[in-house]
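The values are calculated or read from the model by the stated rules, or taken from the named source; none is laboratory data. Here the structure is a predicted model, which means the values were calculated and not measured. Cβ sites come from the backbone with ideal geometry, for glycine too, and all protein chains shown count toward neighbours. Only protein heavy atoms, including side chains, enter the accessible area calculation; ligands, DNA and RNA are left aside. Shrake-Rupley method; radii C 1.70, N 1.55, O 1.52, S 1.80 Å.
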Amino acid sequence: MNIIKGCIFDLDGVIVDTAKYHYLAWKRLSAELGFDFTEKDNERLKGVSRMVCMEILVEIGGLSLSEDEKHFLADKKNSWYVEYISGMGEEEILPGTREFITRIKAAGIKTALGSASKNAGIILANLRLLELFDAIIDGTCTTKAKPDPEVFLLGAKALNLPAHQCVVFEDSQAGLDAANNAGMLCVGVGSADILTGTDFIIRGFDSNLDDILNALIVQ
Ligand code: B16
Ligand code: MG
């Protein structure tokens, strides 16, 4: 009996490390605004939407900005980010990821992307991964940021599956909270010292995932 019929993957931190490009662009913006933005600060931006990131930056910099100014600055950051990711290629796919998704598809499992990024389409196209997903739910389809479950519930709907038959792969705490809020199983991608509320935890897709596959899918 198969328990899980759909896998929903986060993008940044699960399929590819775009966090480094987000960091460069937010750091460039903060430098222009006259304050420092550290890698530790960048951790707070993982998995959350662009405008939530902007609010966090405003807090870190102690800024007082109008809504229009925040949107203007977030657009500026995004134009730099898009410039940085334009050179990405297949070599930046995190090790084992393509092979894992190919393997579960061959086992009859449906696949969806569940990302907060409005740039997910460009990134997947650059990585030549678009064809591996049955559905793509990204920041252009959602109105609520993780930890709201919207992105994953839309993913399950697009796959025509109930939430309890889906498992989410996520690297951010906001994303894991979103998966739990959606009533889905979740696999944390990262360290058990940092991530909480996971059903399973993996370091990445280059490790031996047979136990997890057996537990979730092949029973
Ligand atoms: P964009 P994910 C998220 O991607 C990133 O983790 C987060 O840092 C970023 O702010 C968000 O996408 C929005 O990205 O500015 O490209 O729309 O982890 O949900 O795949
Ligand atoms: Mg992520």
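Straight distance only, please: which aspartates and glutamates reach the Cα of Lys157 with their own Cα at less than 15 Å, same-chain residues fewer than 8 apart left out?
The reachable aspartates and glutamates, counting only those whose Cα sits under 15 Å from Lys157, are Asp134, Asp138.
With θ set to phi - 60° and the Karplus curve 6.51 cos²θ - 1.76 cosθ + 1.60, what are the ³J(HN,Hα) couplings of region 27-32 in order, to the nearest whole Hz, using x for Gly and Pro?
Each residue's phi maps through the Karplus curve to give 5, 5, 5, 5, 4, 5 Hz.
Could you tell me the calculated FRET efficiency between Glu69 and Asn181, based on Cβ-Cβ distance and R0 = 35 angstrom, to the nearest 0.05?
Working: r = 32 Å, r/R0 = 0.91.
Calculated transfer efficiency: 0.65.
Based on DSSP H runs of at least 4 residues, each adding -39500 (n - 2.57), what is the mean residue ellipticity at 222 nm of the chain after dividing by all its residues, to the nearest 500 deg cm²/dmol? Please report the intermediate quantities before stating the final value.
Working: 9 runs with 93 residues, N = 219.
Mean residue ellipticity at 222 nm (helix-derived): -12500 deg cm²/dmol.
Just to confirm my numbers, what's the Cα centroid distance between region 140-219 and region 7-48 in Å?
Centre-to-centre (Cα) distance: 21 Å.
Below 14 Å, Cα to Cα, which aspartates and glutamates can Lys144 reach? Residues fewer than 8 away in the same chain don't count.
Excluding near neighbours in sequence, the set is Asp177.
Rounded to a whole number, what % of the accessible area of the chain do carbon and sulfur atoms account for, probe 1.4 Å?
Of all accessible area on the chain, carbon and sulfur atoms account for 52 percent.
Let me spell out the model: positive unit charges on the Cβ of Lys and Arg, negative unit charges on the Cβ of Asp and Glu, origin at the Cα centre of the chain. What dipole size does that give, in debye rounded to 20?
Computed about the Cα centre, the dipole is about 460 debye.
So who's got an amide H within less than 5 Å of the one on Lys110, skipping anything under 5 residues away but keeping other chains? H placed 1.01 Å off N, in plane.
Distant-sequence amide H within range of Lys110: Gly6, Cys7.
Taking Cα atoms, how many degrees apart are the long axis of helix 67-85 and the longest axis of the chain, rounded to 10 and kept between 0 and 90?
Between helix and principal axis, roughly 60 degrees.
Stretched out fully, how many nm does the piece from Lys118 to Ser207 gain, at 0.36 nm a residue minus the Cα gap?
Full-extension gain reported as 29.1 nm.
For region 19-85, calculate the relative contact order in percent as a whole number, restricting contacts to Cα pairs under 8 Å that are 6 or more residues apart.
42
Within straight cross-link reach of Lys77, meaning Cα distance under 17 Å, which lysines are found once same-chain residues fewer than 8 apart are removed?
Lys20, Lys27, Lys46, Lys118
When only C-alpha pairs under 8 Å and at least 6 residues apart count, what is the relative contact order of the chain, in percent?
Taking the mean separation of contacting Cα pairs over the length of the chain, I get 28 percent.
How large is the accessible surface per residue of the chain, computed with a 1.4 Å probe and reported in Å² as a whole number?
46
Using +1 at the Cβ of each Lys and Arg and -1 at the Cβ of each Asp and Glu in the chain, identify which of Leu11, Gly190, Ala125 lies farthest towards the dipole's positive end.
Ala125
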